[in-house]
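Asks: Got a structure for you, questions after.
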Amino acid sequence: SQKTPNPPYCYYGVAPDAMIIGAKYSDQTEADVISGLQWMFHVADSMNVPCVVSLSIGLAEGPHDGTSLTDQVIDSLSVARPGHIVVGAVGNDALNKCHISFQLNGDTMGTWVEAQVDSLKNPPRAQAVSGIDVWADSGKTISASLYILDKRTLAYKMNSIRRTTQITRSYAPDLVLWNDTIEKKVDSLVIYVQVEHASLLNRKPHMEVALVSPNPNLILGAALSFLNNQTGTLHAWNIEKQAFSSYSIDGFYEGDSVSTLNEIGGTAKKIICVGSYCSKWSVTTWNGILVDRGIGIDTIGGKRCGFSGIGPSIDGRIKPDLCAPGDMVVGAMSRLAVEKGQTVIWPDTLSTNGRYTRGTGTSVSSPIVAGIIALLLQANPALTSDQAKHLLQSSTIKDQFTGTLITPDNLWGAGKVNAYGALAQLEGINPVKNRAPLARSPSITFRVMAHGNDRLLSVNLGALRPNAVELSLYTLAGRKIFSAAVVRNTVSVPTTLSKGIYLVTLLVEGKSVFKRTIAVW
């Protein structure tokens, strides 16, 4: 939604140190995504705060080389000013075989495009959509002979008109009548074709074909070549994220798992692209029911999720950039969500508030990394996207599942995200090992209490009787906002101080002896 919400992120006129904005959009159009991104960063800029946006969308259509309109906007927003960072999910399509590539040498190669059945687009009658999005080397002209296959009988026929990218155009829908000998009826199918001779995005030839059928057994086939026996590389993706199949028919080939990263999440040059690993394979719900995904090769704790998308991008960049937990992850559940047995924590079954649910997929992994970046932005609001990516990648965890990962690869990226490691690196904190136990600190307690129109912070120094004690309050980002001497074990707290969590420190006779977080209300 692009309506400005009632902001919960501004109290007593004091802006936060960092913010995460989440949005749900209603239509899968580039314009909506772009408008939403621009609006989010505009809101952040108007409040003079950094912003990290997590995109858990993922579309199959697009060049997958960082040149799509959405990718260009993401890149431009990311470099517009420090503190603009976009994180995206790599996608869940590695097992779907929804990508295929051909190295053509004057020959023709084909594939069958599995369909997605969608009863919502055309109620009450279900329809099956099989679609292919094809991109090739610049300077080439794609030629496609289109087929229809009956998966039950493996009978197929070629549509009589061949389509090419000689001229940029949208072809008129082509009605095809199919005589179904099994169900004794005639099916009406429609083929839609759009072509670009040289896309304005990257000068590459582009063709998108979709078959809409009332019969899910009837799917699209495409035999692809270049005009004039040209040689070069061609990449295609199944629009519906289903498989490309061969059905053992000569000249037709299976899809693969390579370059199964999604557009709008995986391909922009400045986006931080996140894959998934399995942090746990089971959870216990609020009513004691154990839910598990079964013991399998991709459900072993710590192992990469088999569904997590695989790079590279078509222009050769390693993707994902790193991986984060993405299987059976427990997180907050919308109060508007309908209970379908997925609730893990439900403290009050008479209320929809306070519930936690389980989530699986790179759409879970991406916001985890976005949250970690929000912590980094609290420490340094001027971080750029490249700096955040470097912190995350240089601090990743490597283990028996990732291997040594001297350099990032297209399965794990740089490894498993390490929130503490990234923040420690940013702050210049070195872990201290085998440190001698600290002497027991003095008994110091705090209590905020009302006293007339004032708020007093009570400081109990226990057995200490110092000559001078100074108390300071800091935001969690480290900004000092208040300091005063402790007089008779109390400090008057300004009534203008915003409610929230603060770090309190004590200087006793000029030496720092105590730090603790406290709540001020």
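Asks: So, in nm, how far is label residue 76 from label residue 407 when the simple model puts each one 7 Å beyond its Cα toward the Cβ?
Replies: Between residue 76 and residue 407, the label points sit 3.3 nm apart.
Asks: Which lysines, on any chain, are close to residue 416 with Cα under 24 Å apart, when same-chain ones fewer than 8 places away are left out?
Replies: 269, 270, 280, 303, 319, 389, 398, 433
Asks: Further, regarding this structure: Residue by residue, what Karplus-based ³J(HN,Hα) values in Hz, rounded to whole numbers, does the range 129-134 have, using 6.51, -1.76 and 1.60 with θ = phi - 60° and x for Gly and Pro?
Replies: 10, 10, x, 9, 10, 10
Asks: What is the list of residues in the range 166-202 whose amide nitrogen lies under 20 Å from a point 7 angstrom out from the Cα of residue 160, following Cα to Cβ?
Replies: 171-180, 186-193
Asks: Can you tell me how much longer the chain between residue 427 and residue 170 gets when fully stretched, taken as 0.36 nm per residue apart minus their C-alpha distance, in nm with one decimal? Can you show the working numbers first?
Replies: On the way: separation 257, 0.36 × 257 = 92.52 nm, distance 5.48 nm.
This chain segment gains 87.0 nm when fully extended.
Asks: Also: Based on the Cβ-Cβ distance from residue 516 to residue 484, what FRET efficiency comes out when R0 is 25 Å, to the nearest 0.05?
Replies: Working: r = 17 Å, r/R0 = 0.67.
E(calc), rounded to 0.05, equals 0.90.
Asks: Amide H neighbours of residue 402 under 5 Å, at least 5 residues apart or on other chains, H built in the peptide plane: list them.
Replies: Answer set, sorted by chain and number: none.
Asks: Take the alpha-carbon centre of the range 222-294, take the same for the range 400-426, and report the distance between them in whole Å.
Replies: For the range 222-294 versus the range 400-426, the Cα centre distance is 23 Å.
Asks: Excluding ligands and nucleic acids, what accessible area in Å² is computed for residue 360 using a 1.4 Å probe, to the nearest 10?
Replies: Accessible area, nearest 10 Å²: 70 Å².
Asks: Using 0.36 nm per residue of separation minus the Cα-Cα distance, give me the extension gain between residue 228 and residue 46 in nm, one decimal.
Replies: 60.0 nm
Asks: Then there's this: Residue farthest toward the positive end of the dipole of the chain, with Cβ of Lys/Arg at +1 and Asp/Glu at -1: which of 188, 402, 504?
Replies: It is 504.
Asks: Another question about this same structure. Going by amide H atoms built from the backbone, whose H comes under 5 Å of the H on residue 255, apart from near neighbours?
Replies: When sequence neighbours closer than 5 places are left aside, the close amide H contacts are 244, 245.
Asks: Rank-order 48-55, 282-289, 422-429, 252-259 by packing density, defined as the average count of other C-beta atoms within 10 Å over each peptide's residues, highest first.
Replies: 48-55, 252-259, 422-429, 282-289
Asks: Suppose every K and R has +1 on its Cβ and every D and E has -1 on its Cβ; what is the size of the dipole of the range 110-196 about the Cα centre, in Debye to the nearest 20? List each step's numbers first, then the result.
Replies: Details: 11 positive and 10 negative charges, 42 e Å.
Dipole size: approximately 200 debye.
Asks: While we're on this one: Given C-alpha coordinates of the range 311-431, what is the ratio Rg to Rh with the Kirkwood estimate of Rh?
Replies: Radius of gyration over Kirkwood radius for the range 311-431 works out to 1.06.
Asks: Charges only on Cβ, +1 for Lys and Arg, -1 for Asp and Glu: so what's the dipole of the chain about the Cα centre, in debye to the nearest 20?
Replies: In total the dipole reaches around 2100 debye.
Asks: With all protein chains present and a 1.4 Å probe, how do 163, 317, 152 order by accessible area, largest first?
Replies: 152, 317, 163
Asks: Under a cut-off of 22 Å between alpha-carbon atoms, report the lysines in cross-link reach of residue 185, not counting same-chain residues fewer than 8 places apart.
Replies: The reachable lysines, counting only those whose Cα sits under 22 Å from residue 185, are 151, 157.
Asks: Counting only DSSP beta bridges with both residues in the chain, what percent are antiparallel, rounded to the nearest 5?
Replies: 85
Asks: Based on the alpha-carbon gyration tensor of the range 220-287 and its eigenvalue square roots a ≥ b ≥ c, which shape applies: rounded if a/c is under 1.5, prolate if not and a/b is larger than b/c, or oblate?
Replies: Since a/c reaches 1.5 but b/c is at least a/b, the shape of the range 220-287 is classed as oblate.
Asks: Right, next: Could you sort 189-197, 367-375, 319-327 so that the peptide with the highest average Cβ count within 10 Å comes first and the rest follow in order?
Replies: By packing density, highest mean first, the sequence is 319-327, 367-375, 189-197.
Asks: Could you tell me which of rounded, prolate or oblate describes the chain, using a ≥ b ≥ c as the square roots of the eigenvalues of the alpha-carbon gyration tensor, with rounded for a/c under 1.5 and, failing that, prolate when a/b is larger than b/c and oblate otherwise?
Replies: It comes out prolate by the Cα gyration axes.
Asks: Membrane-span-like helices in the chain: DSSP H runs reaching 20 Å or more (Cα, own axis), mean Kyte hydropathy at least 1.0?
Replies: Those that pass (Cα extent of 20 Å or more, hydropathy at least 1.0) are 362-379.
Asks: Using a 1.4 angstrom probe and counting only protein chains, how large is the accessible area of residue 328 in Å², to 10?
Replies: Rounded to the nearest 10, that gives 10 Å².
Asks: Could you tell me which of 471, 42, 344 has its Cα farthest along the dipole of the chain towards the positive end, charges placed at Cβ (Lys, Arg +1; Asp, Glu -1), taken about the Cα centre?
Replies: Comparing the listed Cα positions along the dipole, 471 ranks first.
Asks: How many Å² of accessible area per residue for the chain, probe 1.4 Å?
Replies: 49
Asks: Name the shape class, rounded, prolate or oblate, that the alpha-carbon gyration tensor gives for the range 31-130, where a ≥ b ≥ c are the square roots of its eigenvalues, rounded holds for a/c under 1.5, and otherwise prolate holds if a/b is larger than b/c and oblate otherwise. Show your work: numbers first, answer last.
Replies: Values: a/c = 3.08, a/b = 1.68, b/c = 1.84.
Cα axes put the range 31-130 in the oblate bin.
Asks: Report D for the range 79-181 in µm² per second (integer): Stokes-Einstein, Kirkwood Rh on Cα pairs, 10 °C, 1.306 mPa s.
Replies: Answer from the Stokes-Einstein relation: 89 µm²/s.
The values are calculated or read from the model by the stated rules, or taken from the named source; none is laboratory data. Please read these numbers as outputs of a predicted model, since none were measured by experiment. Neighbour counts run over all protein chains shown; Cβ positions are idealised from the backbone, glycine included. Ligands, DNA and RNA are stripped out before the accessible areas are found, and what is left, the full protein with its side chains, is counted by its heavy atoms. Shrake-Rupley method; radii C 1.70, N 1.55, O 1.52, S 1.80 Å.
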